[in-house]
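Have a look at this one.
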Amino acid sequence: MKNVQPKGSHFIDGAYVEDTAGREIPCVYAATGETVATLHAATPAVVEQALASAARAQKEWAALAPVARGRVLSRAAAILRERNEELSELESIDTGKPIQETLVADAASGAEALEYYGGLTATLTGETVPLGGDFVYTIREPLGVCLGIGAWNYPTQIACWKAAPALACGNAMVFKPSEVTPLCALKLAEIFIEAGAPAGLFNVVNGYGDAAASMVSDPRVAKVSLTGSVPTGQKVYAAAAEGMRHVTMELGGKSPLIIFEDADIENAVSAAINANFYSTGQICSNGTRVFVHEAIVDEFTERLLERTRKAIIGDPLDPETQIGPMITDVQRQKVLEYIEIGKAEGAELLLGGHAPEGAGYYIEPTVFGNVTDEMRIAREEIFGPVLSILTFGDEAEVVARANDTEFGLAAGLFTKDFTRAHRVVAQLQAGTCWINEYNLTPVEAPFGGVKMSGVGRENARAAIEHYSQVKSVYVAMGDVAAAF
Ligand SMILES: NC(=O)C1=CN([C@@H]2O[C@H](COP(=O)(O)OP(=O)(O)OC[C@H]3O[C@@H](n4cnc5c(N)ncnc54)[C@H](O)[C@@H]3O)[C@@H](O)[C@H]2O)C=CC1
C-alpha cells in the first residue's frame, strides 16, 4: 500500500497542523484491515486555531468581488479534475469503495459542485422592491463561519457539496470529516489553497463526535450542515438551536422503489441494483424497499438474482471490482445482524447473506423476498447491501405503504404510464424522486429529505438559501410622517 499518511492530522490556516496530544484516529483500509495512516483527534487548541482563522478569513473572502470568489471555486474544480485519478485512489483507500466507482462519483462530483457554484457566485444579487416612491432593496449576505460535519460514505463529495455553496455565498467553512474517513477532505483543503483561496477559508479538523460537538455550540459558528444518521442529526440540530444557528440536516432513509406491472424489467432491475449495491449499499438515498407488482415479481426477482450473482466482489483498487468491503467491521456486524433479524422475521433469503472468508470487511450482496411492511429489515436503515422485495397489488395501496415510514429522503418508480408516474410522485413523501431511474444526484437538482430525513437542501440554487441571509433596506424618498 502506498504511503497515505498525511503531513498532519488537520489542515488549518493554509497548512497542515499536528497535535499528538489528541486521541489516535487509525485509518484502516477496509479491504485488508490494515492501518494505513494514524491521525490525532483535534484538541481544544486545534479547534480554537481553526475557528479563529476561519473567522478572520471569512471577512477577507466576503470583501472580494463575487466574480473573484467564483474564479477560485472554478480553479479548485479544475485541479480536482486534473488529479481525479490520484484522488479516486485515495478515496478508495479511505472508504473501500471500488475504484470504478470513485473515478466517476467522488472528486468528479465534487468538481461539478465547484463548477456550478463557481459560475453562480457572480449572479447572487438582491432585488429592488418598488413601493410607489419609497422602495426596498435586498442584499444577500453570507452567514459567517459554517461548520460542515461529514459521514463516511462520500468523504470528498460531502466536503465539496457543503464547501462549494458555502464559499460561493462568502462564508468560510470548518469541515469535520467522519473519524473513519479522515483523509480525503485534507486534499480538498490543499487544493483550495492552490486555487487561490485565503488561508483559513476552508479548514479541516479531524476528530470524533465530541470535536464536532464543541464547534456546534461555539458562538463563532453561524451554521451547521451535517450529513449523518438521524440520532446524530437530532443531537446536532438541538445543540445548534441553542444559539439560533442555521442548519442543514442530510440524514438517513429507508426509501421505496416501486416497480409497476408495465415497467421495463431490465431497467427496473438495473435501478434496483444501483439502489442497493452501489458503494456496497452505503448510500443514504438507497431504495431498499423494492415494491414489485405481484404480476411481475417472479420475472423481476429471477433477473435480479441472475444479474446480482455475477457481481464481482474484490480488491477496491482492481478496476474489475464492482463490490468492495463495508467501511468497518462494526458496520459489517450491524448488517449481518440485520440479515439474521430478516431470517428470524420470516423473510426469504434469496441470495447472499454471508461474510466471505478472508481479510477485509466484505459482505455478499443480499436479497430478501417475501418481506412484509412490519419487519425490521423493512423499517430500519441498514446501510449495507441488503435489498428487500415486497409485493403489491394496486397503486393506492403501494403509495400508502411507501409513505408509511418515519423517513422521507428519496423514492423511485418504474412505469411506462406517465400519467401514473406524475400522479404517484405527487403523493410520495420524499425530498427527491426518480421516474424510471434511481440515485442520480446531479448538482443542478436540489437534494435533501423530508420528515426525519432532514431539513434544508444541498445542491442547485436551493442551497444558496441555506448559506446566506437576506437584508432588507427600506429607502424613504419623502418626509417622515409622525402622529405628533
Ligand atoms: N442524506 C444524506 O445526504 C446522507 C446521509 N447519510 C447518513 O449518514 C449515516 C451514516 O454515516 P455515519 O458517519 O455513520 O453517521 P454518524 O451520524 O454516526 O456520524 C456523522 C458525523 O457526525 C459526527 N458526530 C457524531 N456525534 C456527534 C455530535 N454529538 N455532535 C456533532 N457531530 C457528531 C461524526 O463524527 C461524523 O462526522 C446514515 O444514517 C446515512 O443515511 C450518509 C450519506 C448521505
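The values are calculated or read from the model by the stated rules, or taken from the named source; none is laboratory data. Quick caveat, the model's predicted, so the values are computed rather than measured. Methodologically, a virtual Cβ is constructed for each residue, glycine included, from the backbone with ideal geometry; neighbour enumeration extends over all protein chains shown. Ligands, DNA and RNA are stripped out before the accessible areas are found, and what is left, the full protein with its side chains, is counted by its heavy atoms. Shrake-Rupley method; radii C 1.70, N 1.55, O 1.52, S 1.80 Å.
Look at Glu242 and say whether it is open to solvent by 10 Å² or more (accessible area, probe 1.4 Å), of a type outside the set (A, V, I, L, M, F, W, C) and more than 16 Å from the ligand (Cβ to nearest atom).
For Glu242, the condition - open to solvent by 10 Å² or more (accessible area, probe 1.4 Å), of a type outside the set (A, V, I, L, M, F, W, C) and more than 16 Å from the ligand (Cβ to nearest atom) - is not met.
Which one of the conditions (1) within 16 Å of the ligand (Cβ to nearest atom); (2) free of Cβ contacts under 8 Å to residues at least 60 places away in the same chain; (3) open to solvent by 60 Å² or more (accessible area, probe 1.4 Å); (4) over 19 Å from Val180 (Cβ atoms) does Asn274 fail to meet, given that it meets all the rest?
If we test Asn274 against (1) within 16 Å of the ligand (Cβ to nearest atom); (2) free of Cβ contacts under 8 Å to residues at least 60 places away in the same chain; (3) open to solvent by 60 Å² or more (accessible area, probe 1.4 Å); (4) over 19 Å from Val180 (Cβ atoms), just (2) comes out false.
Taking the condition of being open to solvent by 10 Å² or more (accessible area, probe 1.4 Å), within 14 Å of the ligand (Cβ to nearest atom) and in a loop (DSSP other than H, G, I, E, B), how many residues in the stretch 444-467 meet it?
Qualifying residue count for the region: 5.
Given the criterion open to solvent by less than 20 Å² (accessible area, probe 1.4 Å), away from the ligand (no atom under 16 Å from the Cβ) and at pLDDT 95 or above, identify the matching residue among Ala77, Ala122.
Sole residue among the options that is open to solvent by less than 20 Å² (accessible area, probe 1.4 Å), away from the ligand (no atom under 16 Å from the Cβ) and at pLDDT 95 or above: Ala77.
What tally of residues in the stretch 75-84 results from selecting those that are in a helix (DSSP H, G or I) and more than 21 Å from the chain's Cα centre (by Cα)?
4
In addition: Looking at Asp19, Asp106, Asp13 in this structure, which one is surrounded by 15 or more Cβ atoms within 10 Å (Cβ to Cβ) and at positive phi?
Unique residue meeting the criteria: Asp13.
Next question, about the same structure. Which condition breaks for Val236 when tested against (1) open to solvent by 10 Å² or more (accessible area, probe 1.4 Å); (2) touching a residue at least 60 places away in the same chain (Cβ under 8 Å); (3) among the hydrophobic types (A, V, I, L, M, F, W, C); (4) within 30 Å of Thr419 (Cβ to Cβ)?
Answer for Val236: the failing condition is (4).
Among the listed residues Asp315, Asp373, identify the single one that is touching a Ser or Thr at 6+ places or on another chain (Cβ under 8 Å), in a loop (DSSP other than H, G, I, E, B) and among the charged types (D, E, K, R).
Asp315
Which condition does Phe383 not pass, out of (1) away from the ligand (no atom under 16 Å from the Cβ); (2) surrounded by 23 or more Cβ atoms within 10 Å (Cβ to Cβ); (3) in a loop (DSSP other than H, G, I, E, B), if it passes all the others?
(1)
Scan (1) open to solvent by less than 30 Å² (accessible area, probe 1.4 Å); (2) of a type in the set (A, V, I, L, M); (3) not assigned by the TED database to the domain that holds Asn286 for the single condition Ala378 breaks and write down its number.
(3)
Farther than 30 Å from Arg332 by Cβ, within 15 Å of the ligand (Cβ to nearest atom) and outside any helix (DSSP H, G or I): does that describe Lys254?
no
Any idea which residue in the stretch 405-423 is most open to solvent (accessible area, probe 1.4 Å), counting only those that are out of contact with any Ser or Thr (no Cβ under 7 Å at 6 or more places or on another chain) and within 18 Å of Ser285 (Cβ to Cβ)?
Glu406
Tell me, which strands (runs of 3 or more DSSP E) wholly within the stretch 133-232 include 1 or more residues that are more than 16 Å from the ligand (Cβ to nearest atom) and open to solvent by less than 20 Å² (accessible area, probe 1.4 Å)?
Ranges flagged: 172-176, 202-204.
Which residue pairs have Cβ atoms closer than 6 Å, lie 6 or more positions apart in sequence or on different chains, and pair a first residue in the stretch 96-109 that is over 13 Å from Glu86 (Cα atoms) with a second residue that is at pLDDT 95 or above and in a helix (DSSP H, G or I)?
Here the result reads Lys97/Ser279; Ser109/Gln157, each pair linking the stretch 96-109 to a residue that is at pLDDT 95 or above and in a helix (DSSP H, G or I).
In this structure, is Ala57 among the aliphatic types (A, V, I, L, M) and either part of a helix (DSSP H, G or I) or outside the structural domain of Tyr467 (by the TED database) (or both)?
yes
Could you check the stretch 321-340 and list, in sequence order, the residues that are surrounded by fewer than 21 Cβ atoms within 10 Å (Cβ to Cβ) and either over 17 Å from Arg376 (Cβ atoms) or free of Cβ contacts under 8 Å to residues at least 24 places away in the same chain (or both)?
Once the filter is applied, which keeps residues that are surrounded by fewer than 21 Cβ atoms within 10 Å (Cβ to Cβ) and either over 17 Å from Arg376 (Cβ atoms) or free of Cβ contacts under 8 Å to residues at least 24 places away in the same chain (or both), the stretch 321-340 yields Thr321, Gln322, Thr328, Asp329, Val330, Arg332, Gln333, Glu337, Glu340.
So, one more: Looking only at the stretch 372-395, which residues are free of Cβ contacts under 8 Å to residues at least 40 places away in the same chain and closer than 25 Å to Gln322 by Cβ?
Ile377
Now for a separate question. Quick check on Gly352: is it open to solvent by less than 10 Å² (accessible area, probe 1.4 Å) and either among the hydrophobic types (A, V, I, L, M, F, W, C) or closer than 20 Å to Pro98 by Cβ (or both)?
Criteria not met by Gly352.
Tell me the residue from Ser229, Ser217 that is among the hydroxyl-bearing types (Ser, Thr, Tyr), more than 19 Å from Gly448 (Cα to Cα) and at pLDDT 95 or above, please.
Ser217
Using the structure shown, decide if Thr248 is closer than 25 Å to Ile363 by Cβ and within 14 Å of the ligand (Cβ to nearest atom).
In short, no.
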